Each structure stands twice: as structure tokens, then as C-alpha cells.
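The values are calculated or read from the model by the stated rules, or taken from the named source; none is laboratory data. What you see is a predicted model; the values in this text were computed from it and never measured. As a convention, Cβ positions derive from the backbone with ideal geometry for all residues, glycine included, and neighbour counts pool all protein chains shown. Each accessible area value is taken on the protein alone, full model and side chains, heavy atoms only, with ligands, DNA and RNA left out. Shrake-Rupley method; radii C 1.70, N 1.55, O 1.52, S 1.80 Å.
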Amino acid sequence: MNKLTIDDLKLKDKRVLVRVDFNVPLNEKKEVTDDTRIVESLPTIKKILNDGGKAILMSHLGRPKGKDPNLSLAPVAKRLEKLLRWPAKFVDDCIGEKVEKAVSELKSSEYLLLENLRFYPQEEKNDPEFAKSLAKLGDIYINDAFGTAHRAHASTEGVTRYFKECAAGYLMQKELKYLGMTLSDPKKPFVAILGGSKISGKIDVIKNLMDKVDTLLIGGGMAFTFYKALGKEIGSSLLEEDKVGLAQDILKEAEKKKLDFLLPVDFLIASEAREDASTRVVDKDSIPQGWKGLDIGPKTVELYKDKLSNAKTVVWNGPMGVFEIDKFSKGTREVAQKLAQITEGSAVTIVGGGDSVAALAKDNLEKRMSHVSTGGGASLEFLEGKTLPGIAALTDKK
Ligand code: ADP
Ligand code: MG
């Protein structure tokens, strides 16, 4: 992706307006309970401060309806201060005179956090006037919020119209590097693992990846709609009745393309998704009535691990089973372990999706992947081959 990056810019003494993703969870005491997203944005902020720029940070938090003190970004300023060991400035608005004054008082190597952008409905409406008011605050613009790049909002898209230079921050750059590489120039063999609950949210990802991968491994709840499409008995397993036809089309397409398209060969089943449920392992065509497939079975785990052994690029989205319940988490965790192992070799492994990342976290495997995407919806849309407005709006490299 040939977009201007933070390294292409002269930051010294400039007012650098940065869209970050500080959409972090808060507890009742308004403390940040998981600062991953803040930590991920530090390299970009540090670069600006070290180069003598003035960092003006803006983000959304949650889904406020108007100004909601419960969704103030003030607690994030406190956490930033701790992480950077450098005093934070915070202003309780994101546009207007008060904010402009705070910006004008900012010295080089200082940073200012603005209040929640979504206190204004104009943000999500991509209102040009609102975007212009934001743009007034900076000389150059950096977007480091990959997670919202699939939305054309005022702070991700509208604002860029008022700047000569709009660049990707380090986090954005990393996302583009890894996700972009998988779609444009993957090292082969390229294997995609797709799971999760439903086909419906992932149809376009499956279709787009089918043209690029050598092997496609299917797991999770979506496997059953495929088996239904093949006329098999699936008991009470998750089924999307209205997607059976589509599953048939995908299977036909895979055959036409001679794609190595694999469905699970066995399942761990139970009558209910509960920790105390009694379980059985059955082959794919033997799910009894009233039973549900809740994880891939041991033969499938071995088969999928084997397919992953030689892979040079792997994209994974969607757990192999109901991993939230220990009993049904084995398939997902074994696949994750295998990915960690091949990453130590020479494979590039990329994991996206909120639940898939949560599954990695169970065994502290996030750091052992080449890249864990921070944007759920954004990474899916990227893998669908769509143009993300927040990325398209960045300045092209000459
Ligand atoms: P991601 O967030 O990584 O994109 P999804 O949201 O698509 O993943 O899917 C995750 C959900 O899929 C999990 O809550 C998990 O319990 C569920 N799931 C996985 N396998 C099954 C299954 N066999 N039956 C029902 N639900 C499943
Ligand atoms: Mg999910």
C-alpha cells in the first residue's frame, strides 16, 4: 500500500493531529481495565514527541448519545501520563474556541488529548463543518486508528480533505503491511482458517480468500451449514437455514477452482454448550439428533495441524469451537499453538477477529503470532478486498 507514513513527515514544531483508537473498556470507577489499545498507539505518539512535534490526540469511546460523562476520555489521559511518564494535557471538548486555545498553548514535545469525538453526532455523519473544525487544530494529519478505518467518519475521512499531508501512523502501517501482504503477495503455501459462529458475516471473506489461498480450513459453527448443504445430518448444531444455498455455491466454486477446501472430519458433541455437559466424539456423518457439534474433533485437529505444518502464510479468523467453555476450547487452542510453532519457523501468521484474539489471550499466544489485528470489523472488510475509506483518504506516496 503506497501511502504516506509518519516517517515521511517532518514533525518538528508542527501541530500533528492524530486519530488514535482509545476505545478502551472502563470499570465503574472510570478506570481503564485494558490498555492494549493505548499501548499500541505509543510508538506513534513517542515519535512525534521525540521529534519535537505537538501531538493532538483524538478518539471516540463507546457509543455516547450526546455528551455522556460516563464516556469521557479523561481516564485515558491519566493512563497515557503513566505510560509515557510525561504530563498529559486534556481538554473537555474536541472542537471550538476552548480547544483551539489549548492547542495554541501547546509547546513542542507536549501532547493534548481531546474529549470523545462521538459527543458530537456530526462525527459519525462525517459532517464537513465538524471535520473542518477538527482540521483547524493541526498542520498535518496522522491516522493510527485502523479499527475505525472502515468507517467514513469526520475524524477518519472528512478531516483529510483539509490537509496536504495525511499519513499512516505506525500501528496503521503495521496493519497495512501484514494484511496488505496477504492479499497482494503472500508467501506460499497460503492457508486460511475460518471459523466462528456464522457463515453470514464471513461470506465475502471466504469468497475473496478463495482466489488467493492454497488451502482453506473451515471450523466453528459455520461448518454445519456446509454439511447441511452436502445433505448430512447435523443434529441440533448451529445452522443458518437461509445460507444453505450459498454454502452450496461456495462448495461448487471450491471444486471448480480445485481448491484444497477442508471441512472438519469429526466433532466434539454435547446436548448443550455447558461445562458440565457430557460429551462424545463422533465422525462428521454421525451427529445424533438432539446433539450439537461444539468443537472440532481430534482427527480434525491432527489434519489441520498437518496442513499448517508447511504453510508460509496463514490468516486465521474465527474460533474452531465454543472456546469460551473450556471443554470445547481444545480445537481452537491446538490450532493457536500450532500457529505459534510455525511462526517460530518462517511462517507469517495473522489473526483477526475479537473472539479469535480472545482465544489467543487464553494461552498468552498473542505475542507469538506475526501480527494480531486490532480492528475486528476493519480487518474483515480488508480481507473481503474492500477499500477502507480511512485508508483510501491518506495521501499517496509520490
Ligand atoms: P471472531 O470474533 O473471531 O470474528 P466470531 O464472532 O465469528 O469470531 O465467532 C465467535 C463465536 O463463535 C464464539 O462465541 C464461539 O462460541 C462461536 N462458535 C464457535 N464454534 C461454534 C459452534 N460449533 N457452535 C456454536 N457457536 C460456535
Ligand atoms: Mg466475534
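Going through Ala273, Ala277 one at a time, which residue ends up being assigned to a loop (DSSP other than H, G, I, E, B) and within 16 Å of ligand 2 (Cβ to nearest atom)? Answer to the check: Ala273.
Gly62 meets each of the listed conditions (1) over 22 Å from the mean Cα position of the chain (by Cα); (2) closer than 17 Å to Tyr120 by Cβ apart from (1).
Taking the criterion of being closer than 24 Å to Ser104 by Cα and either of a type in the set (Gly, Ala, Ser) or open to solvent by less than 50 Å² (accessible area, probe 1.4 Å) (or both), the residues of region 22-46 that qualify are Phe22, Ser41, Leu42, Thr44, Ile45.
Would you check if there is a residue in region 110-117 being open to solvent by 40 Å² or more (accessible area, probe 1.4 Å) and either over 23 Å from Trp86 (Cβ atoms) or of a type outside the set (Ser, Thr, Tyr) (or both)?
Yes; the residues of region 110-117 include at least one that is open to solvent by 40 Å² or more (accessible area, probe 1.4 Å) and either over 23 Å from Trp86 (Cβ atoms) or of a type outside the set (Ser, Thr, Tyr) (or both).
Suppose we keep only residues that are closer than 19 Å to Val335 by Cα and hydrophobic (A, V, I, L, M, F, W, C) within region 186-202. Which one would you say is farthest from ligand 1 (Cβ to nearest atom)? Taking the candidates together, the pick is Phe190. Restricting the first member to region 88-100 and to residues that are open to solvent by less than 70 Å² (accessible area, probe 1.4 Å), and the second to residues that are modelled with pLDDT under 95 and of a type outside the set (Asp, Glu), no beta-carbon pair is closer than 6 Å while six or more apart or on different chains. The criterion of at least 1 residues that are under 14 Å from the mean Cα position of the chain (by Cα), closer than 29 Å to Ile6 by Cα and without any contact (Cβ under 8 Å) to a residue 60 or more places away in the chain is met by the following helices (runs of 4 or more DSSP H) wholly inside region 335-398: 354-362. Test Ser133 against the criterion of being of a type in the set (Ser, Thr, Tyr), at pLDDT 95 or above and either under 18 Å from Tyr304 (Cβ atoms) or open to solvent by less than 10 Å² (accessible area, probe 1.4 Å) (or both), and give yes or no. Answer is no for this residue. Asp295 falls short on exactly one of the conditions (1) touching a Lys or Arg at 6+ places or on another chain (Cβ under 7 Å); (2) touching a residue at least 60 places away in the same chain (Cβ under 8 Å), and that condition is (2).
Of the residues making up region 264-271, none is assigned by TED's automatic domain parsing to the domain that holds Leu360, hydroxyl-bearing (Ser, Thr, Tyr) and closer than 21 Å to Ile193 by Cβ. Residues that are among the hydrophobic types (A, V, I, L, M, F, W, C), open to solvent by 10 Å² or more (accessible area, probe 1.4 Å) and either more than 16 Å from ligand 1 (Cβ to nearest atom) or at pLDDT 95 or above (or both) within region 348-390 comprise Val348, Met369, listed in sequence order. Output the residues belonging to region 302-334 that are open to solvent by 10 Å² or more (accessible area, probe 1.4 Å) and in a helix (DSSP H, G or I). Within region 302-334, Glu302, Leu303, Lys305, Asp306, Lys307, Ser309, Asp326, Lys327, Lys330, Arg333, Glu334 qualify.
Here Glu384 meets each of (1) out of contact with any Lys or Arg (no Cβ under 6 Å at 6 or more places or on another chain); (2) away from ligand 2 (no atom under 16 Å from the Cβ) with one exception, condition (2). Residues of region 316-334 being free of Cβ contacts under 8 Å to residues at least 40 places away in the same chain, near ligand 1 (Cβ under 10 Å from one of its atoms) and not polar (S, T, N, Q), which ones? Matches in region 316-334: Phe323, Glu324.
Here is a yes/no grid of residues against (1) closer than 19 Å to Gly158 by Cα; (2) in contact with a Pro (Cβ under 7 Å, 6 or more places away or on another chain); (3) open to solvent by 40 Å² or more (accessible area, probe 1.4 Å):
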{"residue": "His60", "(1), (2), (3)": "yes, no, no"}
{"residue": "Gly66", "(1), (2), (3)": "no, no, no"}
{"residue": "Asn70", "(1), (2), (3)": "no, no, yes"}
{"residue": "Glu123", "(1), (2), (3)": "yes, no, no"}
{"residue": "Pro128", "(1), (2), (3)": "yes, no, yes"}
